[in-house]
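Engineer: Quick one: this structure, given as structure tokens, is what I'll be asking you about.
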Amino acid sequence: MKILVLGAGIIGVSTAWHLLERGHEVTVVERQPDAAMETSFANAAQISVSYCEPWANRDAPLKALKWMFSKEAPLLFRPQNPLGAGWLQYAWGLEFLANCNDQAFERNVQQLVALGAYSHTALKDLVASTGIEYQRLERGIAHYYTDQKSFDTAGDAAALMRKYGVARQVVAKDELLRIEPALRQFADSIVGGTYTPSDESGDARVFTQELAKRCKARGAQFLYGHSIEGLEVSGGAINSVAVRAGTTWACGIEHAGKLLSLQADQVIAACGSYTAPLLRSVGVKLPIYPGKGYSATFQILKPELAPQVSTIDDEKKIAISRLGDQLRVAGTIEVGGYDLTLDSSVARARCHMLSRRIEQVYPGMCDTRTVEQGGEPNYWTGLRPATPTNIPYIGKTRVKGLWVNAGHGTLGWTHGAGSGKAIAELISGQKPEMQFGFHGA
């Protein structure tokens, strides 16, 4: 079949690859000049099958209320004007609250682990067949705690993961320091942790861009610099996709690119947070709302002090991963619309928190100076396409020929390879081998 994939992040490119594997003709449409230039660009770098707890849990409502008054809060709700598009945030929030109970939490964990395990296998197979290199570290993920009360509950989370087949173990501080000696400088603040040796880390942007090159070499067409103008539906079926070639400038005048109408047998929307407004234009309503995440990438100055194991900081709710001679730290969620600015007071506070925390945990290991201090930190922000359950939408929509692969939240890198394989299998009339409830809209 001739298939259009809308979006060239980790989800869209993985989808394209697996469609090609099954003999389909693939065209990928992407508004950026290359793959993985938005949400997949500078994420936390973790393949974290065992650390997939949904944001919605029984403690989340009270914590969210308390955190609303802190610019550095791990989860920050910034209420939007309920008139107009702002009401979508409130609708999403109500569904989020409905999932803040133990029964929903465990149900959602089961789904996320099933997709994660399937996806991790798909990633390993893909890397083995392509030889892509992306600063991969297969040394697990360690989660350290600085608060005894929080650590006392770590066993429950680990037991839940083991229930669904993930070997996440509670470890004492001494064992944690043996697993990652670089944490010794911060040892006085650590009370214990958990560790999952099967997890890993690597650069999602590098991987996605390399996979896109291989897709192109196998015959896929990539229309970079093409924005999606709309979906054209007739008789309850997708008819075509209107796209516009990139804007150009001549003699100081802006010239809009040519408007094109692309047709295909099937169309897959994999546009991250922008999937929801695109699909709403044809009557498909999905509770996908953007969660603004932050990261910082620091140059490592003292390699002998740098970590080799990707870690999660429980207190700050951030992930830390080594990518060759750089250190990536990422985290926090800001639910407040499609804002990508880095120069607001809230954004600056959240970025500077990342710098301060790295200096506390790994003092002197990398250059964490802010611009005000004479440094050049590489801060970044991206929109994570979040559903209230954290479970993505993978499947058909009510519009014939229109599919969706979106809503992966903070787990796009973890679930990317599997999500692409799963939807390629579904379109090809196959049934993915995992216990996951596929649903579109």
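Engineer: Quick one: in segment 13-36, which of the residues that are out of contact with any helix residue (DSSP H, G or I) (no Cβ under 8 Å at 6 or more places or on another chain) and not charged (D, E, K, R) is nearest to residue 122 (Cα to Cα)?
Structural biologist: By that ranking, first place goes to 23.
This table checks each residue for (1) on the phi > 0 side of the Ramachandran plot; (2) among the charged types (D, E, K, R).
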position	(1), (2)
328	no, yes
337	yes, no
349	no, no
384	no, yes
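Engineer: Collect the residues in segment 33-68 that are more than 24 Å from residue 157 (Cα to Cα) and surrounded by fewer than 17 Cβ atoms within 10 Å (Cβ to Cβ), keeping them in residue-number order. Before the answer, list the steps.
Structural biologist: Our first condition is that a residue be more than 24 Å from residue 157 (Cα to Cα); within segment 33-68, this holds for 33-42, 68.
Residues satisfying the conditions are 33, 34, 68.
Engineer: Determine if segment 276-296 includes at least one residue that is within 19 Å of the chain's Cα centre (by Cα), surrounded by fewer than 24 Cβ atoms within 10 Å (Cβ to Cβ) and of a type in the set (Val, Ile, Thr).
Structural biologist: no
Engineer: Out of 331, 337, report the one residue that is among the small types (Gly, Ala, Ser), at pLDDT below 95 and in contact with a Lys or Arg (Cβ under 6 Å, 6 or more places away or on another chain).
Structural biologist: Values: 337 fails: in contact with a Lys or Arg (Cβ under 6 Å, 6 or more places away or on another chain).
Unique residue meeting the criteria: 331.
Engineer: Only residues that are of a type in the set (Phe, Trp, Tyr), surrounded by 20 or more Cβ atoms within 10 Å (Cβ to Cβ) and in contact with a strand residue (DSSP E or B) (Cβ under 9 Å, 6 or more places away or on another chain): list them for segment 206-243, please.
Structural biologist: 222
Engineer: Could you tell me whether segment 332-343 includes any residue that is part of a strand (DSSP E or B) and closer than 15 Å to residue 42 by Cβ?
Structural biologist: yes
Engineer: Counting only residues that are over 30 Å from residue 223 (Cα atoms), give me the strands (runs of 3 or more DSSP E) lying completely in segment 1-118 with at least 2 of them.
Structural biologist: 75-77
Engineer: Quick check on this structure: which one of 125, 203 is of a type in the set (Asp, Glu), surrounded by fewer than 19 Cβ atoms within 10 Å (Cβ to Cβ) and under 30 Å from residue 424 (Cα atoms)?
Structural biologist: Just a single option satisfies the conditions, and that option is 125.
Engineer: Next question, about the same structure. Quick check on this structure: which one of 299, 308 is closer than 30 Å to residue 177 by Cα, touching a strand residue (DSSP E or B) at 6+ places or on another chain (Cβ under 9 Å), modelled with pLDDT of 95 or more and surrounded by fewer than 17 Cβ atoms within 10 Å (Cβ to Cβ)?
Structural biologist: 308
Engineer: Further question: Which count do you get for residues in segment 184-194 that are in contact with a helix residue (DSSP H, G or I) (Cβ under 7 Å, 6 or more places away or on another chain) and more than 13 Å from residue 314 (Cβ to Cβ)? Break it down stepwise before answering.
Structural biologist: Taking segment 184-194 and keeping what is in contact with a helix residue (DSSP H, G or I) (Cβ under 7 Å, 6 or more places away or on another chain), we get 184, 186-187, 190-194.
If we keep only those that are more than 13 Å from residue 314 (Cβ to Cβ) too, we end up with 184, 187.
Total meeting the criteria: 2.
Engineer: From the set of residues in segment 319-345 that are buried (at least 21 other Cβ atoms within 10 Å of the Cβ) and of a type in the set (D, E, K, R), which is farthest from the chain's Cα centre (by Cα)?
Structural biologist: Applying the filter and picking the extreme gives 322.
Engineer: Confirm whether residue 139 is closer than 24 Å to residue 305 by Cβ and free of Cβ contacts under 8 Å to residues at least 40 places away in the same chain.
Structural biologist: Here the answer is no, as residue 139 does not meet what is asked.
Engineer: Next up: Restrict the check to segment 126-136 and report whether at least one residue is touching a residue at least 12 places away in the same chain (Cβ under 8 Å) and under 27 Å from residue 175 (Cα atoms).
Structural biologist: For segment 126-136, residues touching a residue at least 12 places away in the same chain (Cβ under 8 Å) and under 27 Å from residue 175 (Cα atoms): present.
Engineer: Among the numbered criteria (1) crowded, with 19+ Cβ neighbours inside 10 Å; (2) more than 26 Å from the chain's Cα centre (by Cα), which single criterion is violated by residue 174?
Structural biologist: (1)
Engineer: Would you check if there is a residue in segment 369-376 being of a type in the set (Lys, Arg), within 18 Å of the chain's Cα centre (by Cα) and either in a loop (DSSP other than H, G, I, E, B) or at pLDDT 95 or above (or both)?
Structural biologist: No, segment 369-376 has no match at all.
Engineer: Kindly indicate the residue of segment 184-197 that is closer than 18 Å to residue 321 by Cβ and in contact with a Lys or Arg (Cβ under 9 Å, 6 or more places away or on another chain) and also surrounded by the most Cβ atoms within 10 Å (Cβ to Cβ) among those meeting that condition.
Structural biologist: Restricting to residues being closer than 18 Å to residue 321 by Cβ and in contact with a Lys or Arg (Cβ under 9 Å, 6 or more places away or on another chain), the top hit is 193.
Engineer: Please go through segment 1-58 and give me each residue that is closer than 22 Å to residue 424 by Cβ, in contact (Cβ under 8 Å) with a residue 24 or more places away in the chain and among the small types (Gly, Ala, Ser), ordered by number.
Structural biologist: 7, 8, 9, 12, 14, 16, 35, 36, 40
The values are calculated or read from the model by the stated rules, or taken from the named source; none is laboratory data. Bear in mind that the values here come from a model prediction, so they are computed numbers and not experimental data. Cβ coordinates were reconstructed from backbone atoms using ideal geometry, including for glycine residues, and neighbour counts include every protein chain displayed.
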